[in-house]
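Visitor: Input: one structure, supplied below.
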Amino acid sequence: MKDPVRAKERIAELRVQINHHNYRYYVLDSPEVSDAEYDLLMRELGRLEAEYPQLLTPDSPTQRVGAAPVEAFGVVEHHLPLLSLGNVFSEEELLGWYTRTSKLLARQQFNFVGEHKIDGLAVALTYINGQLITGATRGDGFRGENITRNLRTIRSIPLSVPKEAPPRFEVRGEVFLPKSGFNKLNRERTEEGLPPFANPRNAAAGSVRQLNSHITAKRPLDIYIYMLGYAEGKLIPPTHWETMEYLKSLGFKINPNNKLLSSIQEAKDFYQTWEEKRESLPYEADGIVIKVDSLELQQRLGDIGHEPRWAIAYKFPAIQGTTRLKEIKISVGRTGTLNPYAILEPVSVGGVTIKQAALHNEDDIRRKDIRTGDTVIIQRAGEVIPEVVGPVVSKRTGQEKLFTMPSCCPVCGSEVIKPEGEVMYYCSNAACPAQVQERLEHFASRGGMDIRGIGEQMSVTLLREGLVKDFSDLYYLADKREKLLALERIGEKSVDNLLEAINNSKRQPLARFIFAMGIRHIGEEMAEILAQELPSLEALANASRESLTSIPTIGPKIADSIIAFFSNEENKNIIKKLEGKDVLPLPEKGAKPEELPLTGQEFVITGRLETFSRQEAEARVKALGGTAKSDFTRKTTYLVVGTEPGSKLARAQTLGIKQLTEDEFLKLLEP
């Protein structure tokens, strides 16, 4: 910013905003912005203060690490400051930190330790003569809240340690709420009429900062110790990694995902691995932390401002943002479900502009107390459809409106019903155009019969022009080639490709065929279970309720849905029409494992595949007798390389693992 006057004004604006958000985040545990939005404000303020150092003041948010402690808890003075970490958001910024660190140490080779940056609450635990004496929050970095009574209720925090421990020492860790516990807690809060927590970090903070420790004790909090603060009266190991092993021997819980790294390249690989696998973690992690391993080197590097030079947080791409919910609309699914979804003011989350988000069902909307006009938190994770996490209640104006489900289908106007014991509402008209179109698209999907060219637009066109009335009619389109050619924006080559794709789809494995039929409550996994237990579609159609419920994981609800589907006269006619065109599933048990083409071969995938999703690719491999892994093992046969591959490609080259292009991979999958 060239204008010093405008810079001064903007710095003042940013400080007011950040102090407000600090108070909402650290004191009230009720944030109004996502972490990514907060980070942007802090980075802008830091940049302006660096550009105009004369405007930097001691009370700037960049010079603090949290918020002042709440006096009601009592205050603990930290023996050594609990500093916050600096953040980087790209590989380039990580390398910049490494270059600066190397120059300060006058050396380029030193070890690191990689850890997950768990989204929880930092605490300091002080032990004297083997007993836990105090437990405190970070607070402002120098003074924290005394929450000892609450921390004593967390079963993974030892109340005493062996005699071999130093006579006086402090450990620092992250208290967190596992994802499963977070979801359960929010369900309970909603049932009690309380607002749900925005994220696991706020849930954990709200849990340990209770004035009544009995409330804390009821919540499934956990902790991972991430460093030794200080120790008196005993020598400690010379490295961070060895110190963590030593603390583990004293009974402290250390994250088993921590890793000793010998180079900055291994640090980048560590990040890449966990960015891909972050959704599999039982807790929320918003990045990784890279620490210089040697404690002597850490001392030499020291601190700068409120951040240690010897550690950096490499943040994952943002998965949350805040925006305004403009409207709640309804779509009708293939089984007639009425599915509410949010129309949003566009917001960028993780580099993707989000305009719509899932709302699941009416119960979910009521549980979260989401209203039209609300400022809401949006979450996007991996390839999952964005969803509305919840409202920012503090930003309500009183103009927001409660949502109610319609009594008539928004597509065909038929009566809406809600079966007893179910959360979903349904359109009562099986011939509803929206249902028929969704069933047609589902049947042709990659997880179903895999008919390329039958997407949403083509499904709508075929139904509108009367060329199909249900999905079995797809196999009769070859008799209507001239009518297809008469359609707008479709040429002879496109028609030939479509008809060829339809013809090639006739013999699919039984599991895919069952899934494609669109039976209510039958997803891909359940379809695979049915195909393994029953030898043919005929056996499934004739199965009794008793025989179906004897199959593991299949209860009365699913069994009744299967029986209802195959008892329906319209569905019987559809199956007859399919058989009339030789559309018959391949028997699932027709090949012995040793006869399958990929038996004994192990695949790892990196990058994005154009033909199908990673999940679908792995399912194809398994169906042909192979195995699919998320990382290399001694048995890995191939690395499948898509676009924008990660660090696995370089590792595969080092390990001598053969790489396949997507085209080569597809050839292996051919029957």
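The values are calculated or read from the model by the stated rules, or taken from the named source; none is laboratory data. Quick caveat, the model's predicted, so the values are computed rather than measured. No Cβ is skipped: glycine too gets one built from the backbone with ideal geometry, and neighbour counts run over all protein chains shown.
Visitor: Can you pull out the residues in region 122-161 that are free of Cβ contacts under 8 Å to residues at least 40 places away in the same chain, surrounded by fewer than 22 Cβ atoms within 10 Å (Cβ to Cβ) and not in a loop (DSSP other than H, G, I, E, B)? Reasoning before the result, please.
Guide: The initial filter retains those residues of region 122-161 that are free of Cβ contacts under 8 Å to residues at least 40 places away in the same chain, namely 129-133, 135, 148, 155, 159-160.
Now narrow it down to the ones that are surrounded by fewer than 22 Cβ atoms within 10 Å (Cβ to Cβ): 129-133, 148, 155, 159-160.
If the condition is that a residue be free of Cβ contacts under 8 Å to residues at least 40 places away in the same chain, surrounded by fewer than 22 Cβ atoms within 10 Å (Cβ to Cβ) and not in a loop (DSSP other than H, G, I, E, B), then Gln131, Leu132, Ile133, Thr148, Ser160 are the ones that fit.
Visitor: Does region 404-423 contain at least one residue that is under 30 Å from Val33 (Cα atoms) and surrounded by fewer than 18 Cβ atoms within 10 Å (Cβ to Cβ)? Explain how you work it out, then say what you get.
Guide: Filtering region 404-423 down to residues under 30 Å from Val33 (Cα atoms) leaves 404-405.
Still in the running and surrounded by fewer than 18 Cβ atoms within 10 Å (Cβ to Cβ): 404-405.
Yes: one or more hits.
Visitor: Would you please name the residue that is nearest to Glu93 (Cα to Cα), looking only at residues in region 309-318 that are aliphatic (A, V, I, L, M) and surrounded by 22 or more Cβ atoms within 10 Å (Cβ to Cβ)? Steps first, please.
Guide: First, pick out the residues of region 309-318 that are aliphatic (A, V, I, L, M): 311-313, 318.
With surrounded by 22 or more Cβ atoms within 10 Å (Cβ to Cβ) added as a condition, the list becomes 311-312.
Details: Ala311: 13, Ile312: 10 Å.
Ranking the candidates gives Ile312 first.
Visitor: So in region 280-295, with the set limited to residues that are of a type in the set (A, V, I, L, M) and touching a Lys or Arg at 6+ places or on another chain (Cβ under 7 Å), which one is nearest to Lys179 (Cα to Cα)? Give the derivation first.
Guide: Here is the first cut: in region 280-295, the residues of a type in the set (A, V, I, L, M) are 281, 285, 288-290, 292, 295.
This time we only want the ones that are touching a Lys or Arg at 6+ places or on another chain (Cβ under 7 Å), so: 285, 288-289.
Numbers: Ala285: 11, Ile288: 18, Val289: 20 Å.
Applying the filter and picking the extreme gives Ala285.
Visitor: Out of (1) touching a strand residue (DSSP E or B) at 6+ places or on another chain (Cβ under 6 Å); (2) buried (at least 18 other Cβ atoms within 10 Å of the Cβ), the odd one out for Met458 is which?
Guide: (1)
Visitor: Those residues that are assigned to a strand (DSSP E or B) and under 18 Å from Lys368 (Cβ atoms), I need them from region 388-417; list them, please.
Guide: Within region 388-417, the first condition is being assigned to a strand (DSSP E or B), and the residues that meet it are 388-391, 401, 408, 415-417.
Across region 388-417, the qualifying residues are Val388, Val389, Gly390, Pro391, Lys401.
Visitor: Same structure, new question: Looking at (1) of a type in the set (Gly, Ala, Ser); (2) assigned to a loop (DSSP other than H, G, I, E, B); (3) surrounded by fewer than 18 Cβ atoms within 10 Å (Cβ to Cβ), which is the only condition Gly646 fails?
Guide: The number of the failed condition is (3).
Matching residues to (1) free of Cβ contacts under 8 Å to residues at least 12 places away in the same chain; (2) out of contact with any helix residue (DSSP H, G or I) (no Cβ under 8 Å at 6 or more places or on another chain); (3) part of a strand (DSSP E or B); (4) closer than 28 Å to Ala50 by Cβ:
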{"position": "Tyr314", "(1), (2), (3), (4)": "no, no, yes, yes"}
{"position": "Pro317", "(1), (2), (3), (4)": "no, no, no, yes"}
{"position": "Arg324", "(1), (2), (3), (4)": "no, yes, yes, no"}
{"position": "Glu327", "(1), (2), (3), (4)": "no, yes, yes, no"}
{"position": "Thr335", "(1), (2), (3), (4)": "no, no, no, no"}
{"position": "Asn339", "(1), (2), (3), (4)": "no, yes, yes, no"}
{"position": "Leu344", "(1), (2), (3), (4)": "no, yes, yes, no"}
{"position": "Ser348", "(1), (2), (3), (4)": "no, yes, yes, yes"}
{"position": "Lys355", "(1), (2), (3), (4)": "no, yes, yes, no"}
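Let's see how each residue does on (1) part of a strand (DSSP E or B); (2) surrounded by 15 or more Cβ atoms within 10 Å (Cβ to Cβ); (3) on the phi > 0 side of the Ramachandran plot:
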{"residue": "Ser207", "(1), (2), (3)": "no, yes, no"}
{"residue": "Ile215", "(1), (2), (3)": "no, no, no"}
{"residue": "Pro220", "(1), (2), (3)": "no, no, no"}
{"residue": "Ile225", "(1), (2), (3)": "yes, yes, no"}
{"residue": "Gly229", "(1), (2), (3)": "yes, yes, no"}
{"residue": "Ile236", "(1), (2), (3)": "no, yes, no"}
{"residue": "Thr243", "(1), (2), (3)": "no, yes, no"}
{"residue": "Lys248", "(1), (2), (3)": "no, no, no"}
{"residue": "Lys253", "(1), (2), (3)": "no, yes, no"}
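Visitor: Ok, one more. For residues in region 241-253 being among the aliphatic types (A, V, I, L, M) and at pLDDT 95 or above, which is farthest from the chain's Cα centre (by Cα)? Steps first, please.
Guide: Taking region 241-253 as the starting set, the residues that turn out to be among the aliphatic types (A, V, I, L, M) are 244, 247, 250.
Subset that is at pLDDT 95 or above: 244, 247.
On the way: Met244: 28, Leu247: 31 Å.
In this case the residue turns out to be Leu247.
Visitor: Does region 258-271 contain at least one residue that is assigned to a helix (DSSP H, G or I) and among the β-branched types (Val, Ile, Thr)? Give the derivation first.
Guide: If we filter region 258-271 for residues that are assigned to a helix (DSSP H, G or I), which is where we start, we get 264-271.
Then keep just the ones that are among the β-branched types (Val, Ile, Thr); that gives 264.
The answer is yes; a qualifying residue exists.
Visitor: For Ile385, state whether it is assigned to a strand (DSSP E or B) and modelled with pLDDT under 90. Before you say what the answer is, go through the steps one by one.
Guide: Working: assigned to a strand (DSSP E or B): no; modelled with pLDDT under 90: yes.
Taking the combined requirement at face value, the residue does not satisfy it.
Visitor: Against the conditions (1) of a type in the set (D, E, K, R); (2) closer than 30 Å to Lys648 by Cα; (3) assigned to a helix (DSSP H, G or I), where does Glu610 fall short? Just the number, please.
Guide: With (1) of a type in the set (D, E, K, R); (2) closer than 30 Å to Lys648 by Cα; (3) assigned to a helix (DSSP H, G or I) applied to Glu610, the lone miss is (3).
Visitor: Hey, another quick one. Have a look at Ile354, Ile365, Ile377 and point out the one that is in contact with a Phe, Trp or Tyr (Cβ under 7 Å, 6 or more places away or on another chain), surrounded by 17 or more Cβ atoms within 10 Å (Cβ to Cβ) and closer than 28 Å to Ala203 by Cβ. Even if it seems obvious, please write down each step before you answer.
Guide: Details: Ile354 fails: in contact with a Phe, Trp or Tyr (Cβ under 7 Å, 6 or more places away or on another chain); Ile377 fails: in contact with a Phe, Trp or Tyr (Cβ under 7 Å, 6 or more places away or on another chain).
Among Ile354, Ile365, Ile377, only Ile365 is in contact with a Phe, Trp or Tyr (Cβ under 7 Å, 6 or more places away or on another chain), surrounded by 17 or more Cβ atoms within 10 Å (Cβ to Cβ) and closer than 28 Å to Ala203 by Cβ.
Visitor: Next up: For Gly607, state whether it is over 24 Å from Lys268 (Cα atoms) and at pLDDT 80 or above.
Guide: Details: over 24 Å from Lys268 (Cα atoms): no; at pLDDT 80 or above: yes.
Spelling it out, it is not the case that Gly607 is over 24 Å from Lys268 (Cα atoms) and at pLDDT 80 or above.
Visitor: Looking only at helices (runs of 4 or more DSSP H) that fall completely inside region 418-495, which ones have 2 or more residues that are closer than 26 Å to Leu510 by Cα and at pLDDT 90 or above? Quick ask: steps written out before the conclusion?
Guide: Numbers: elements: 433-444, 456-464, 481-485.
Once the helices (runs of 4 or more DSSP H) in region 418-495 are filtered for at least 2 residues that are closer than 26 Å to Leu510 by Cα and at pLDDT 90 or above, what remains is 433-444, 456-464.
Visitor: Here's something else I'd like to know. Does region 324-339 include one or more residues that are under 23 Å from Glu438 (Cα atoms) and within 22 Å of the chain's Cα centre (by Cα)?
Guide: Scanning region 324-339 turns up at least one residue that is under 23 Å from Glu438 (Cα atoms) and within 22 Å of the chain's Cα centre (by Cα).
Visitor: Out of all the residues in region 530-539, is one or more outside any helix (DSSP H, G or I) and either surrounded by fewer than 18 Cβ atoms within 10 Å (Cβ to Cβ) or basic (Lys, Arg) (or both)? Talk me through it step by step, then tell me what you get.
Guide: Here is the first cut: in region 530-539, the residues outside any helix (DSSP H, G or I) are 534-536.
In the following step, the residues that additionally are either surrounded by fewer than 18 Cβ atoms within 10 Å (Cβ to Cβ) or basic (Lys, Arg) (or both) were identified as 535-536.
Checked against the condition, which is being outside any helix (DSSP H, G or I) and either surrounded by fewer than 18 Cβ atoms within 10 Å (Cβ to Cβ) or basic (Lys, Arg) (or both), region 530-539 yields at least one hit.
Visitor: Let me ask something else about it. Mind listing whichever residues of region 649-671 are charged (D, E, K, R) and assigned to a loop (DSSP other than H, G, I, E, B)? Break it down into steps so the answer makes sense when it comes.
Guide: Looking only at region 649-671, we keep the residues that are charged (D, E, K, R), and these are 651, 658, 662-664, 667, 670.
Across region 649-671, the qualifying residue is only Glu670.
Visitor: Among the residues of region 106-114, is there at least one that is surrounded by 20 or more Cβ atoms within 10 Å (Cβ to Cβ), touching a residue at least 24 places away in the same chain (Cβ under 8 Å) and aromatic (Phe, Trp, Tyr)?
Guide: Yes; the residues of region 106-114 include at least one that is surrounded by 20 or more Cβ atoms within 10 Å (Cβ to Cβ), touching a residue at least 24 places away in the same chain (Cβ under 8 Å) and aromatic (Phe, Trp, Tyr).
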